There are 2 protein chains.
Amino acid sequence: MNNKANFHLSCPIPISRYPRVTMAHGGGGRLSHQLIAEMFQPLFANEFSKAEHDGALLPTTSKNIAFTTDSHVIRPLFFPGGDIGSLAVYGTVNDLAMCGAKPLYLSLSLIIEEGLPMETLWRIAQSIKTAAETAGVRIVTGDTKVVNRATGDELFINTAGIGAIDHALAIQPSSIQSGDQIILNGDLGRHGIAVLAHREGLAFESEIESDCAPLNGIVQALLQARIPIHCLRDLTRGGLVSALVEIATTSGKRIELNEPAIPVREDIRGACEILGFDPLFVANEGRFIAFVPPDSAAAAIETMRAHPLGAGAVQIGQVTEGEARVLARNIFGGSRILDMFSGEQLPRIC
Amino acid sequence: MNNKANFHLSCPIPISRYPRVTMAHGGGGRLSHQLIAEMFQPLFANEFSKAEHDGALLPTTSKNIAFTTDSHVIRPLFFPGGDIGSLAVYGTVNDLAMCGAKPLYLSLSLIIEEGLPMETLWRIAQSIKTAAETAGVRIVTGDTKVVNRATGDELFINTAGIGAIDHALAIQPSSIQSGDQIILNGDLGRHGIAVLAHREGLAFESEIESDCAPLNGIVQALLQARIPIHCLRDLTRGGLVSALVEIATTSGKRIELNEPAIPVREDIRGACEILGFDPLFVANEGRFIAFVPPDSAAAAIETMRAHPLGAGAVQIGQVTEGEARVLARNIFGGSRILDMFSGEQLPRIC
């Protein structure tokens, strides 16, 4: 986060003249070009973004790449622990990391609602820059659209990303084997509860911050430690349970969770009780699970714990023989079947 | 367009039960997964989209790739000659083609407004499939979000794209030389006028259709004919003039247009006069210019004319010595300076 000072830079678009984004800022004329040339290009300039093309030319040195996309529609735009800009960068970085790829390049596409304060856009643009630097990725191409008032919601951000795959592992659900151990990098539920509490004006004893963070560093650490990872998955929309049900269905394997081992902070557990949520279904933005062979579990936990984003790493379950489903064992040894939730849980949290 | 028959397939989501998209279709639970598993995955299935990852793993055989992104916010969703789905595919395919790349892979990210008829989503999904097949690209990864009623506008679509660069040309503004000839592949102004006329309910003698089309085929034809292309640019938002002003500024070159040579259909010219637009500023979605050395101009025109999307190819100007700006010469030999428009011209046409 070596460019924190940028947050004090003043907006390059004169606020007195253009206090808010207008339709003309997305129309392809002079104001569009000014917004891009004066706000975005200097902020994100790098050797790949300079050709004044509608695309970036990139060298590829890997035989395989990963490609992913995410649109971010979170509201509010700013929340404890992050904002839509950092979320958009880390969300796509994390999707690439979960493919076992090293994230390299991001595209950035903004859909701005007419009337968005120019200062807000500038704050978010700087947050994107800081997040990209923190994650070690470059914004290489972009697009800006403006939609009429009341046909958008301040700002939506799409980031697509390209990462390099420089190892021979097949990190995917079909690589999962019976006996694999499931390792989680930390406590669950912070992102969803932080955003909801902030949005609804709920006050808890302590302010709950999102866990929003880039996971590429900790995944690289696992790869460098030569952990033979079978599968990785971040625990976003739908939380831990949705991720596991999807993986059980895809891989055709049975997954058993040791529910008491799953870390949830007391304040999050309390907030979930008040709000009627199960923390196992709540979205995270800095949490993931790794499926590893049993003889690599201890090394995986040790490697994760040595990384700031894995200090709370624990083994929470394993893959067993049997019907493809997810079971949670409680402290009494009893078990329940976990399934995806029906209907709507926490809307607009990413 | 060998899958036209798909347009008669019935929607895989039971319309009687889910006549409209709900918030739960974007929440990460059962309905989200059903929408993706039953509508999108079967439609776009290919060898790269099957891993059940949040990303696609792709082989790279080129030393260089191009990467681009575009969000599409056009309204209405359907217009004469296309819809937001085909536009989203061709828009990104064309951006890649303009980089001199062969488009290979697209990502597809939908931001759906709660309440969108499920049948509308299905029609657009099929249009995306047909357009991708027509352009020869594969949809390899995706994302779906749903936003609350009145915080979106039916549907926004982001497509990012990756293309392979398999030649040694540096196709970019800085490669432009004095003496370069500017070749245009056909008549101007159809897309912007078609969308505007349809949106505003204006009736002209003949229905005006958008020129929306994939330009990768005609660009590949130029490359295969070994035309030493210096620069390519499609003429979207802001039309021919915005593209030329941008290129003149970036390359530091002076561009002279022979205005009478620029093809504009009579009905488009008439509509522009009634509506108060200059066709040189109106958006196209299937038109581009190529900058080529003078001794390659005839071959470039011949190659373009042999392609269905270049039947009307003509030379419309050249690069000259002098101050970096765009001049248009009229039939009397006089000239005027062309600049980007200020303010807003045609909103939401892409």
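Structure notes:
- Here is the list for the stretch B:221-319: trypsin sites (Lys or Arg not before Pro) lying in DSSP coil, each with at most 15 other C-beta atoms within 10 angstrom of its C-beta, are B:R226.
- Among B:S251, B:F277, B:P263 the positive-end extreme of the charge dipole of the stretch B:228-289 (Cβ point charges): B:S251
- Note on the stretch B:119-197 and the stretch B:17-85: Cα centroid distance 14 Å, given to the nearest whole angstrom.
- Three-way shape label, the stretch A:1-145, alpha-carbon gyration tensor, a/c 1.5: prolate
- Within the stretch A:154-190: backbone nitrogen closer than 17 Å to the A:D295 label point (7 Å, Cα to C-beta): A:177-181
- Two-decimal Rg/Rh across the stretch B:51-108, once Rg and the Kirkwood Rh are taken from alpha-carbon atoms: 1.04
- Summing Cβ point charges (Lys, Arg +1; Asp, Glu -1) relative to the Cα centre of chain B gives a dipole of roughly 560 debye.
- When you restrict to C-alpha pairs under 8 Å that are six or more residues apart and normalise by the size of the stretch B:173-338, the relative contact order lands at 43 percent.
- In order through the stretch B:302-308: 3J(HN,Hα) via Karplus (6.51 cos²θ - 1.76 cosθ + 1.60), integer Hz, x for Gly, Pro: 4, 4, 4, 5, 6, 9, x
- Taking the label point 7 Å along Cα→Cβ, A:P80 and its counterparts in the other copies are spaced 5.7 nm apart, in ascending order.
- Of B:V319, B:P173, B:T61, farthest towards positive along the dipole that unit charges on Lys, Arg, Asp, Glu beta carbons give chain B: B:T61
- Put simply, the protein assembly as shown fits an ellipsoid with semi-axes of 46, 25, 24 Å; these come from the alpha carbon gyration tensor as the roots of five times its eigenvalues, largest first.
- Between B:L169 and A:L9, the C-beta separation translates, for a Förster distance of 45 Å, into a calculated FRET efficiency of about 0.70.
- Surface accessible to a 1.4 Å probe, A:W122 within the full protein complex, Å²: 10 Å²
- Projecting the Cα positions of A:A97, A:L155, A:H72 onto the charge dipole of the stretch A:70-164 (unit charges on Cβ atoms of Lys, Arg, Asp and Glu, taken about the Cα centre) puts A:A97 furthest along the positive direction.
- Inter-copy spacing of B:N46 label points, which lie 7 Å from Cα along Cα→Cβ, given in nm from shortest upward: 2.6
- Among the listed pairs A:K145/B:K102; A:K129/B:K102; A:K63/B:K102; B:K63/B:K253, those with a Cα-Cα distance over 20 Å are A:K145/B:K102; A:K129/B:K102; B:K63/B:K253.
- Over the residues of chain A, the helix contribution to mean residue ellipticity at 222 nm works out to -8000 deg cm²/dmol, using -39500 (n - 2.57) for each DSSP H run of at least 4.
- Per-residue shielding of B:339-349, expressed as the average number of other chain Cβ atoms within 10 Å of the residue Cβ, stands at 6.
- Here, chain B is characterised by an Rg to Rh ratio of 0.99, where Rg is the alpha-carbon radius of gyration and Rh the Kirkwood radius.
- Ascending distances from the A:G115 label point to its copies in the other chains, with the point 7 Å along the Cα-to-beta-carbon line: 1.6 nm.
- Taking label positions 7 Å along the Cα-Cβ direction at both B:R269 and B:Q224, the computed distance is 3.5 nm, reported to one decimal.
- Amide hydrogen neighbours beyond the local backbone of B:H72, cut-off 5 Å, H modeled: B:I157, B:N158, B:T159
- Overall, the protein assembly as shown carries a charge dipole of about 540 debye about its Cα centre when +1 sits on the Cβ of Lys and Arg and -1 on the Cβ of Asp and Glu, all other atoms neutral.
- Remark on the stretch A:160-277: hydrodynamic radius 16.5 angstrom, per the Kirkwood mean of 1/r across alpha carbon pairs.
- Charges were assigned to the Cβ only: +1 to each Lys and Arg, -1 to each Asp and Glu. The resulting dipole of the stretch A:23-165 about its Cα centre is roughly 260 debye.
The values are calculated or read from the model by the stated rules, or taken from the named source; none is laboratory data. Everything numeric in this text was worked out from a predicted model, so none of it was measured. Because the Cβ atoms are built from the backbone with ideal geometry, glycine has one as well, and the counts that use them run over all protein chains shown. For accessibility, only protein heavy atoms count, side chains too; no ligands or nucleic acids. Shrake-Rupley method; radii C 1.70, N 1.55, O 1.52, S 1.80 Å.
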